[in-house]
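Asks: Take a look at the following structure, please.
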Amino acid sequence: MGSTSALEIRNYAELSHVLKDCDFVPEHGARIPHLSRSIGAVDMLFRDRDGSQPGIVVEFDGAWWHDNEKNRSDTQKTDALIDAGFGVIRIRESPLPPVTASDVSVPKNQDAHLTSAAVLTRMLDLDWIPRGRRDHIIQYCALGTAQAVAEASAMIHRRGGYDLATSATEIRSRRSPSP
């Protein structure tokens, strides 16, 4: 699956599921053309449907992948995106420190619904959600369970990854027979 984790995809699917109903257009692995390659390649981008604002960038920073050098480049990238007018929230797995006050710190491998609910709540706190659409987020957070499991599994499969909860039979069929 390359450098995109299944957990990042699950979070993207959950956030997309909710934010589409809030008039955002979701994009995973987005490229922002007017920014340099290192700054403009973002994990998740949620643009206003009417295009009136640059959008919200959500970056997923897994603890396994990040070190002190990566943390420095995360800070530089976040600053450049904010300077370009984007709202930025970084999902930071423990023990990674936040980059900005907008970041959401989560335990390693946390359930996608819990992480997405934390991100959506932060968006509400930052007043990034249109007033008439806030109820969608409040309802999602109250559900207590992931709503876009099938979409996430499909994305993971398309990228060549395997979600053991849905792929056990397929993985067994690919395994070489034991002698």
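The values are calculated or read from the model by the stated rules, or taken from the named source; none is laboratory data. For clarity, every value in this text was computed on a predicted model and none was experimentally measured. Neighbour counts are summed over all protein chains in view; Cβ atoms, including those assigned to glycine, are modelled from backbone coordinates with ideal geometry. Protein only, heavy atoms only, side chains kept; ligands, DNA and RNA dropped before computing areas. Shrake-Rupley method; radii C 1.70, N 1.55, O 1.52, S 1.80 Å.
Asks: Applying the selection to the range 125-140, what residues are exposed (fewer than 15 other Cβ atoms within 10 Å of the Cβ) and among the aliphatic types (A, V, I, L, M)?
Replies: Answer for the range 125-140, where residues must be exposed (fewer than 15 other Cβ atoms within 10 Å of the Cβ) and among the aliphatic types (A, V, I, L, M): Leu126, Ile138.
Asks: From (1) of a type in the set (A, V, I, L, M); (2) crowded, with 16+ Cβ neighbours inside 10 Å; (3) within 19 Å of Leu120 (Cβ to Cβ), pick out the condition that doesn't hold for Ala101.
Replies: Condition not satisfied by Ala101: (2).
Asks: Test of understanding: among Leu120, Leu114, which residue is among the aliphatic types (A, V, I, L, M), part of a helix (DSSP H, G or I) and either open to solvent by 60 Å² or more (accessible area, probe 1.4 Å) or under 19 Å from Ile32 (Cβ atoms) (or both)?
Replies: So the residue among Leu120, Leu114 that is among the aliphatic types (A, V, I, L, M), part of a helix (DSSP H, G or I) and either open to solvent by 60 Å² or more (accessible area, probe 1.4 Å) or under 19 Å from Ile32 (Cβ atoms) (or both) is Leu114.
Asks: Further question on the same structure: Any residue that is of a type in the set (Asp, Glu), in a loop (DSSP other than H, G, I, E, B) and buried (at least 18 other Cβ atoms within 10 Å of the Cβ) - is there at least one of those in the range 79-93?
Replies: Looking for residues that are of a type in the set (Asp, Glu), in a loop (DSSP other than H, G, I, E, B) and buried (at least 18 other Cβ atoms within 10 Å of the Cβ), one finds none in the range 79-93, hence no.
Asks: Right, something else. Please go through the range 23-35 and give me each residue that is on the phi < 0 side of the Ramachandran plot and without any contact (Cβ under 8 Å) to a residue 40 or more places away in the chain, ordered by number.
Replies: If the condition is that a residue be on the phi < 0 side of the Ramachandran plot and without any contact (Cβ under 8 Å) to a residue 40 or more places away in the chain, then Phe24, Val25, Pro26, Glu27, Ala30, Arg31, Pro33 are the ones that fit.
Asks: Turning to a different aspect of this structure: Going through Asn109, Asn11 one at a time, which residue ends up being under 16 Å from the mean Cα position of the chain (by Cα), buried (at least 17 other Cβ atoms within 10 Å of the Cβ) and not charged (D, E, K, R)?
Replies: Step by step, each of Asn109, Asn11 is checked, and only Asn11 is under 16 Å from the mean Cα position of the chain (by Cα), buried (at least 17 other Cβ atoms within 10 Å of the Cβ) and not charged (D, E, K, R).
Asks: Continuing with this model, one more query. Within the bounds of the range 123-140, is there any residue that is modelled with pLDDT of 95 or more, assigned to a helix (DSSP H, G or I) and touching a Lys or Arg at 6+ places or on another chain (Cβ under 8 Å)?
Replies: For the range 123-140, residues modelled with pLDDT of 95 or more, assigned to a helix (DSSP H, G or I) and touching a Lys or Arg at 6+ places or on another chain (Cβ under 8 Å): present.
Asks: Can I ask one more? Provide a single number: the residues in the range 14-54 that are assigned to a loop (DSSP other than H, G, I, E, B) and open to solvent by 10 Å² or more (accessible area, probe 1.4 Å).
Replies: Result for the range 14-54: 11.
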